[in-house]
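Just below is one structure, and these are the notes that go with it.
The values are calculated or read from the model by the stated rules, or taken from the named source; none is laboratory data. Owing to the predicted nature of the structure, the values given are computational and were not obtained by experimental measurement. Positions of Cβ are generated from backbone atoms using ideal geometry, with glycine treated the same way; all protein chains shown enter the neighbour counts. Just so you know, the surface numbers come from the protein's heavy atoms only, side chains and all, with ligands and any DNA or RNA stripped out. Shrake-Rupley method; radii C 1.70, N 1.55, O 1.52, S 1.80 Å.
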Amino acid sequence: MSIATNIAAIQERIAAAARRAGPLSADGALMAVAKTHPPERILEAYSAGLRLFGENRVQEFAGKASGVAELASAQWHMIGHLQTNKAARAVELFHAVDSVDSIKLAEKLNAAAQTAGKKLPVLIEINVGGEAAKSGVAPGSHELEQLLLAAPRLEALDFRGLMTVPPFSDDPEQARPFFRRLRELRDAIASRKLPRISMQELSMGMSHDFEVAIEEGSTCVRVGTAIFGERKTT
(Lines give C-alpha, C1' and ligand atoms only; values in the text may rest on other atoms or scores of the structure.)
Protein backbone atom coordinates (compact mmCIF):
# COMPACT_ATOMS: atom_id res chain seq x y z
CA MET A 1 0.00 0.00 0.00
CA SER A 2 1.09 3.58 -0.61
CA ILE A 3 2.33 5.86 2.15
CA ALA A 4 -0.73 8.08 1.67
CA THR A 5 -3.03 5.07 2.10
CA ASN A 6 -1.15 4.00 5.23
CA ILE A 7 -1.42 7.47 6.73
CA ALA A 8 -5.16 7.68 6.06
CA ALA A 9 -5.71 4.29 7.72
CA ILE A 10 -3.63 5.27 10.77
CA GLN A 11 -5.49 8.56 11.16
CA GLU A 12 -8.80 6.66 11.10
CA ARG A 13 -7.50 4.34 13.82
CA ILE A 14 -6.31 7.33 15.88
CA ALA A 15 -9.74 8.94 15.61
CA ALA A 16 -11.47 5.71 16.66
CA ALA A 17 -9.13 5.29 19.64
CA ALA A 18 -9.75 8.91 20.66
CA ARG A 19 -13.49 8.23 20.71
CA ARG A 20 -12.91 5.22 22.93
CA ALA A 21 -10.72 7.34 25.24
CA GLY A 22 -13.67 9.50 26.23
CA PRO A 23 -12.59 12.08 28.82
CA LEU A 24 -8.93 11.14 28.34
CA SER A 25 -9.10 12.02 24.67
CA ALA A 26 -6.48 14.48 23.43
CA ASP A 27 -5.63 15.82 20.01
CA GLY A 28 -3.45 12.86 19.10
CA ALA A 29 -0.90 14.20 16.64
CA LEU A 30 0.73 11.75 14.23
CA MET A 31 4.52 11.96 14.04
CA ALA A 32 6.19 10.09 11.20
CA VAL A 33 9.39 8.43 12.41
CA ALA A 34 11.63 8.88 9.40
CA LYS A 35 14.81 7.20 10.64
CA THR A 36 16.56 5.09 7.97
CA HIS A 37 14.10 6.29 5.31
CA PRO A 38 15.37 8.39 2.38
CA PRO A 39 14.15 11.92 1.55
CA GLU A 40 11.89 10.73 -1.28
CA ARG A 41 9.84 8.62 1.16
CA ILE A 42 9.59 11.57 3.54
CA LEU A 43 8.41 13.76 0.66
CA GLU A 44 5.61 11.25 0.02
CA ALA A 45 4.46 11.51 3.63
CA TYR A 46 4.61 15.30 3.46
CA SER A 47 2.57 15.30 0.26
CA ALA A 48 -0.01 13.16 2.05
CA GLY A 49 -0.42 15.89 4.67
CA LEU A 50 2.01 15.02 7.46
CA ARG A 51 4.03 17.88 8.93
CA LEU A 52 5.49 16.30 12.08
CA PHE A 53 8.60 14.13 11.68
CA GLY A 54 10.88 12.38 14.16
CA GLU A 55 14.51 11.36 13.74
CA ASN A 56 16.65 9.20 16.03
CA ARG A 57 20.17 10.22 15.11
CA VAL A 58 21.74 13.62 14.60
CA GLN A 59 24.25 12.43 12.02
CA GLU A 60 21.69 10.57 9.92
CA PHE A 61 19.39 13.56 9.72
CA ALA A 62 22.29 15.91 8.99
CA GLY A 63 23.06 13.73 5.98
CA LYS A 64 19.59 14.06 4.48
CA ALA A 65 18.55 17.51 5.72
CA SER A 66 19.32 19.12 2.35
CA GLY A 67 17.02 16.61 0.66
CA VAL A 68 14.04 17.74 2.74
CA ALA A 69 14.90 21.45 3.02
CA GLU A 70 12.08 22.36 0.63
CA LEU A 71 9.46 21.08 3.09
CA ALA A 72 8.90 24.50 4.59
CA SER A 73 6.10 23.54 6.98
CA ALA A 74 7.74 20.37 8.32
CA GLN A 75 8.58 20.21 12.02
CA TRP A 76 11.59 18.04 12.87
CA HIS A 77 11.90 16.48 16.32
CA MET A 78 14.87 14.65 17.78
CA ILE A 79 13.36 11.58 19.48
CA GLY A 80 16.38 9.31 19.99
CA HIS A 81 19.01 9.32 22.72
CA LEU A 82 21.08 12.47 22.37
CA GLN A 83 24.69 12.64 23.50
CA THR A 84 25.73 15.91 25.11
CA ASN A 85 28.52 16.43 22.58
CA LYS A 86 25.90 16.56 19.81
CA ALA A 87 23.57 18.99 21.58
CA ALA A 88 24.71 22.04 19.62
CA ARG A 89 24.26 20.30 16.27
CA ALA A 90 20.83 19.06 17.35
CA VAL A 91 19.77 22.62 18.15
CA GLU A 92 20.85 23.66 14.65
CA LEU A 93 18.96 20.86 12.92
CA PHE A 94 15.79 20.28 14.92
CA HIS A 95 12.76 22.31 15.92
CA ALA A 96 12.41 20.34 19.18
CA VAL A 97 14.13 17.68 21.29
CA ASP A 98 11.75 15.10 22.78
CA SER A 99 14.36 13.01 24.62
CA VAL A 100 15.92 15.14 27.37
CA ASP A 101 17.15 12.65 29.97
CA SER A 102 19.66 14.52 32.15
CA ILE A 103 20.33 17.92 33.61
CA LYS A 104 23.69 17.96 31.81
CA LEU A 105 21.98 17.53 28.43
CA ALA A 106 19.40 20.16 29.28
CA GLU A 107 22.16 22.63 30.16
CA LYS A 108 24.02 21.92 26.90
CA LEU A 109 20.83 22.38 24.87
CA ASN A 110 20.02 25.57 26.72
CA ALA A 111 23.48 27.03 26.04
CA ALA A 112 23.31 26.09 22.36
CA ALA A 113 19.78 27.50 21.98
CA GLN A 114 20.86 30.76 23.64
CA THR A 115 23.78 31.03 21.23
CA ALA A 116 21.45 30.36 18.30
CA GLY A 117 18.91 32.88 19.59
CA LYS A 118 16.07 30.40 19.63
CA LYS A 119 13.58 28.92 22.06
CA LEU A 120 13.77 25.13 21.98
CA PRO A 121 10.70 23.04 22.91
CA VAL A 122 11.70 19.93 24.87
CA LEU A 123 10.12 16.88 26.45
CA ILE A 124 11.57 14.96 29.38
CA GLU A 125 12.08 11.28 28.56
CA ILE A 126 10.83 8.96 31.29
CA ASN A 127 12.00 5.35 31.61
CA VAL A 128 8.66 4.00 32.86
CA GLY A 129 9.76 0.38 32.72
CA GLY A 130 13.02 0.83 34.61
CA GLU A 131 14.91 -0.89 31.77
CA ALA A 132 18.68 -0.61 32.06
CA ALA A 133 19.12 -0.66 28.27
CA LYS A 134 16.88 2.36 27.74
CA SER A 135 17.55 6.03 28.33
CA GLY A 136 15.25 8.28 30.30
CA VAL A 137 14.93 9.33 33.93
CA ALA A 138 12.99 7.24 36.42
CA PRO A 139 9.64 8.44 37.74
CA GLY A 140 10.13 10.02 41.15
CA SER A 141 13.90 10.16 40.74
CA HIS A 142 16.32 12.83 41.88
CA GLU A 143 17.28 13.33 38.22
CA LEU A 144 13.69 14.13 37.27
CA GLU A 145 13.34 16.56 40.16
CA GLN A 146 16.60 18.25 39.11
CA LEU A 147 15.23 18.83 35.61
CA LEU A 148 11.90 20.16 36.84
CA LEU A 149 13.47 22.59 39.29
CA ALA A 150 16.09 23.76 36.78
CA ALA A 151 13.51 25.04 34.28
CA PRO A 152 13.49 28.67 35.52
CA ARG A 153 17.22 29.09 34.83
CA LEU A 154 17.14 27.21 31.52
CA GLU A 155 15.49 30.14 29.82
CA ALA A 156 16.08 29.00 26.23
CA LEU A 157 14.21 25.72 26.81
CA ASP A 158 10.45 25.35 26.70
CA PHE A 159 9.49 22.33 28.83
CA ARG A 160 6.27 21.00 27.32
CA GLY A 161 5.73 17.53 28.76
CA LEU A 162 6.90 13.92 28.86
CA MET A 163 7.88 11.15 26.46
CA THR A 164 8.35 7.41 26.98
CA VAL A 165 9.07 4.11 25.24
CA PRO A 166 7.55 1.29 27.30
CA PRO A 167 8.95 -2.26 27.49
CA PHE A 168 8.24 -4.01 24.21
CA SER A 169 5.57 -6.68 23.97
CA ASP A 170 3.81 -8.25 21.00
CA ASP A 171 0.57 -7.60 22.89
CA PRO A 172 -0.24 -3.86 22.81
CA GLU A 173 -2.32 -4.21 25.97
CA GLN A 174 0.85 -4.96 27.92
CA ALA A 175 1.90 -1.34 27.32
CA ARG A 176 -1.27 0.10 28.88
CA PRO A 177 -0.08 0.21 32.52
CA PHE A 178 3.10 1.99 31.43
CA PHE A 179 1.18 4.57 29.40
CA ARG A 180 -1.17 5.06 32.34
CA ARG A 181 1.79 5.52 34.66
CA LEU A 182 3.22 8.25 32.43
CA ARG A 183 -0.14 10.04 32.31
CA GLU A 184 -0.45 9.88 36.08
CA LEU A 185 3.09 11.23 36.45
CA ARG A 186 2.28 14.05 34.04
CA ASP A 187 -0.85 14.91 36.04
CA ALA A 188 1.09 14.85 39.32
CA ILE A 189 3.75 17.20 37.95
CA ALA A 190 1.14 19.52 36.43
CA SER A 191 -0.67 19.77 39.77
CA ARG A 192 2.48 21.25 41.34
CA LYS A 193 2.27 24.27 39.01
CA LEU A 194 6.04 24.55 38.80
CA PRO A 195 7.47 27.68 37.16
CA ARG A 196 8.18 27.35 33.42
CA ILE A 197 7.01 23.72 33.34
CA SER A 198 4.14 22.89 31.03
CA MET A 199 2.76 19.37 30.98
CA GLN A 200 0.46 19.61 28.00
CA GLU A 201 2.36 17.10 25.85
CA LEU A 202 2.39 13.33 26.36
CA SER A 203 4.38 11.61 23.62
CA MET A 204 3.78 7.86 23.77
CA GLY A 205 2.76 5.08 21.42
CA MET A 206 4.40 3.60 18.33
CA SER A 207 3.33 1.52 15.33
CA HIS A 208 2.25 -1.55 17.32
CA ASP A 209 0.62 0.11 20.33
CA PHE A 210 -0.44 3.65 19.39
CA GLU A 211 -4.16 2.94 19.78
CA VAL A 212 -3.69 1.91 23.41
CA ALA A 213 -1.55 5.03 23.93
CA ILE A 214 -4.30 7.26 22.52
CA GLU A 215 -6.82 5.58 24.82
CA GLU A 216 -4.56 6.48 27.75
CA GLY A 217 -4.27 10.14 26.77
CA SER A 218 -1.33 10.39 24.36
CA THR A 219 -1.08 13.74 22.58
CA CYS A 220 1.46 12.46 20.03
CA VAL A 221 2.13 9.00 18.62
CA ARG A 222 5.42 8.22 16.90
CA VAL A 223 4.82 5.90 13.94
CA GLY A 224 7.41 4.60 11.50
CA THR A 225 6.84 1.08 10.18
CA ALA A 226 3.05 1.46 9.86
CA ILE A 227 3.61 4.50 7.60
CA PHE A 228 6.73 3.67 5.62
CA GLY A 229 6.80 -0.13 5.85
CA GLU A 230 9.83 -2.14 6.81
CA ARG A 231 13.14 -0.67 5.79
CA LYS A 232 14.42 -2.30 2.63
CA THR A 233 17.95 -3.62 3.03
CA THR A 234 20.26 -4.26 0.12
Long-range amide H contacts for residue 205: which residues qualify at under 5 Å (H placed 1.01 Å from N, peptide plane, sequence gap of 5 or more or a different chain)?
222
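How large, in percent, is the carbon and sulfur part of the accessible surface of the chain at a probe radius of 1.4 Å? Each step should come with its number before you reach the end.
Numbers: 5410 of 10880 Å².
About 50 percent, which is the carbon plus sulfur part of the accessible surface.
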Sequence ranges 110-117, 72-79, ranked by mean other-Cβ count within 10 angstrom, highest first
72-79, 110-117
Sorting check: for 101-107, 6-12, 139-145, which peptide has the highest mean count of neighbouring beta carbons within 10 Å, and how do the rest follow?
101-107, 6-12, 139-145
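Could you pull out every whole DSSP H run in the chain that spans at least 20 Å of Cα extent along its own axis and averages 0.0 or higher on the Kyte-Doolittle scale?
Values: long enough: 3-21 (27 Å, 0.41); 176-191 (22 Å, -0.66).
Helices passing the filter in the chain: 3-21.
If I take R0 = 22 Å and measure r between the Cβ atoms of residue 85 and residue 60 in this structure, what FRET efficiency does the formula 1/(1 + (r/R0)^6) give, to the nearest 0.05? Mind dumping the intermediate values first?
Details: r = 16 Å, r/R0 = 0.73.
Approximately 0.85, to the nearest 0.05.
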Using θ = phi - 60° and Karplus 6.51 cos²θ - 1.76 cosθ + 1.60, couplings along segment 124-137 (whole Hz; Gly, Pro as x)
8, 7, 10, 8, 5, x, x, 7, 5, 7, 10, 7, x, 8
All-pairs Cα distance distribution in segment 106-234, expressed in whole percent, bin size 5 Å:
2, 10, 18, 21, 17, 14, 10, 5, 2, 0, 0
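Of the trypsin sites (Lys or Arg not before Pro) in segment 143-217, which ones lie in a loop per DSSP and count no more than 15 other C-beta atoms within 10 Å? Show your work: numbers first, answer last.
On the way: sites: 153, 160, 180, 181, 183, 186, 192, 193, 196; in loops: 192, 193, 196.
Qualifying residues, ordered by number: 192, 193, 196.
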By the gyration tensor of its Cα atoms, with a ≥ b ≥ c the square roots of the eigenvalues, what is the shape of segment 46-181: rounded for a/c under 1.5, prolate for a/b over b/c, or oblate?
oblate
Determine the distance separating the Cα centre of segment 1-62 from the Cα centre of segment 99-168; give it in Å without decimals.
23
When the Debye formula is applied to the Cα atoms of segment 82-134, each taken as the same point scatterer, what base-10 log of I(q)/I(0) results at q = 0.18, 0.27, 0.30 Å⁻¹?
-0.55, -1.05, -1.25
One would report the Cα pair-distance distribution of the chain, bin width 5 Å, in %, as 1, 7, 15, 18, 20, 18, 13, 7, 2, 0, 0
Cα→Cβ-extended label distance, 7 Å offset, between residue 4 and residue 116, nm
3.3
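Compute the length gained on full extension between residue 190 and residue 171: take 0.36 nm times their separation in residues and subtract their Cα-Cα distance, giving the result in nm to one decimal. Mind showing how you got there, number by number?
On the way: separation 19, 0.36 × 19 = 6.84 nm, distance 3.03 nm.
Additional length available on full extension: 3.8 nm.
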Applying a 10 Å radius around every beta-carbon, put 20-30, 218-228 in order of their mean neighbour count, most first.
218-228, 20-30
Cα-Cα P(r), segment 7-118, percent of pairs per 5 Å interval:
2, 11, 20, 19, 16, 14, 10, 7, 1
Using the heavy atoms of the protein chains alone and a 1.4 angstrom probe, what is the accessible area of the chain per residue in square angstrom?
47
